[in-house]
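The structure under discussion appears below in the form of structure tokens.
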Amino acid sequence: MIQDLRKIIQEEAEAILNIPLSENYSQATDLIVEYVHGKKGKLVMSGMGKAGQIASNMATTFSSTGTPAYFLHPSEAQHGDLGILRENDIMLLISNSGKTREIVELIELAQHLVPGIKFIVITSDPDSPLAKGANVCLLTGNPKEVCALGLTPTTSTTVMTVIGDLLVVDTMKKINFTAADYAKRHHGGYLGTVSRSMLK
């Protein structure tokens, strides 16, 4: 059993190391900084299913590190929640296949409401509809799922999470996010205590 577990860890680690890195990452964070911090828009993230859970987590991490971000459920968007979008907002959409119907439709709906809105996309397929509709596309490398069936989102969601971390950390650097800034957003719990102690 231990050997099997080590194999799973190794496969996920290799998938992370094989994430295709390119200048697209810098382009993505430049857009985020330009629209959120320069033009005072917000980062709106979306994904369906497991990808949606990753997007929601990314949104909270961005918000806690100085970049206002919100999670928009793609289905609820079609029932009025799309109204959260305003001029100068930017969207970050996640779909492993790049063909998720609700996310592909969300691009069209968002463009109709906010003409010219920019899209950053995380997907495994550079030829997918979602990738082709993106201003910046970040590829996962299409790793094989460690699930015994090869179906359950496992390795793919691990890679998506790491890509989110890359975007968050690079954005923090570009906006010069400090311990003082962090402390203003974390008043409770262990992180609040640690961040405030860094200011003494």
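The values are calculated or read from the model by the stated rules, or taken from the named source; none is laboratory data. From a predicted model like this one, the values you see are computed outputs, not experimental measurements. Don't worry about glycine lacking a Cβ; one is built from the backbone with ideal geometry, like all the others, and counts go over all protein chains shown. Quick note on the areas: whole protein, heavy atoms, side chains included, nothing else; ligands and nucleic acids left out. Shrake-Rupley method; radii C 1.70, N 1.55, O 1.52, S 1.80 Å.
Structure values in brief
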{"quantity": "Tabulated pairs, the stretch 145-168, first closer than 15 Å to residue 9 by Cβ, second hydrophobic (A, V, I, L, M, F, W, C) and part of a loop (DSSP other than H, G, I, E, B), C-beta under 9 angstrom, 6+ apart or interchain", "calculated": "145/151; 154/146; 154/147; 155/146; 155/147; 158/146; 159/19; 162/19"}
{"quantity": "Pick from the stretch 158-176, criterion more than 17 Å from residue 38 (Cα to Cα) and of a type outside the set (A, V, I, L, M), ranking: surrounded by the most Cβ atoms within 10 Å (Cβ to Cβ)", "calculated": "164"}
{"quantity": "Count - residues of the stretch 125-144 that are open to solvent by less than 50 Å² (accessible area, probe 1.4 Å), touching a residue at least 60 places away in the same chain (Cβ under 8 Å) and either aromatic (Phe, Trp, Tyr) or part of a loop (DSSP other than H, G, I, E, B) (or both)", "calculated": "3"}
{"quantity": "Qualifying positions in the stretch 115-124 - in a strand (DSSP E or B) and not charged (D, E, K, R)", "calculated": "119, 120, 121, 122, 123"}
{"quantity": "Condition met for residue 66 (touching a His at 6+ places or on another chain (Cβ under 9 Å) and in contact (Cβ under 8 Å) with a residue 60 or more places away in the chain)", "calculated": "yes"}
{"quantity": "Scope the stretch 12-33; condition closer than 15 Å to residue 135 by Cβ and touching a Gly at 6+ places or on another chain (Cβ under 9 Å); matching residues", "calculated": "none"}
{"quantity": "Any hit, the stretch 166-176, residues being closer than 21 Å to residue 45 by Cβ, assigned to a loop (DSSP other than H, G, I, E, B) and out of contact with any Pro (no Cβ under 6 Å at 6 or more places or on another chain)", "calculated": "yes"}
{"quantity": "Residues of the stretch 36-93 satisfying the condition of being among the basic types (Lys, Arg) and on the phi > 0 side of the Ramachandran plot", "calculated": "40"}
{"quantity": "Residues of the stretch 95-111 satisfying the condition of being under 15 Å from residue 160 (Cβ atoms), out of contact with any Gly (no Cβ under 9 Å at 6 or more places or on another chain) and either assigned to a helix (DSSP H, G or I) or open to solvent by less than 30 Å² (accessible area, probe 1.4 Å) (or both)", "calculated": "98"}
{"quantity": "Residue 114 being β-branched (Val, Ile, Thr) and either open to solvent by 50 Å² or more (accessible area, probe 1.4 Å) or within 23 Å of residue 140 (Cα to Cα) (or both)", "calculated": "no"}
{"quantity": "Test result for residue 49, within 25 Å of residue 172 (Cα to Cα) and out of contact with any Ser or Thr (no Cβ under 7 Å at 6 or more places or on another chain)", "calculated": "no"}
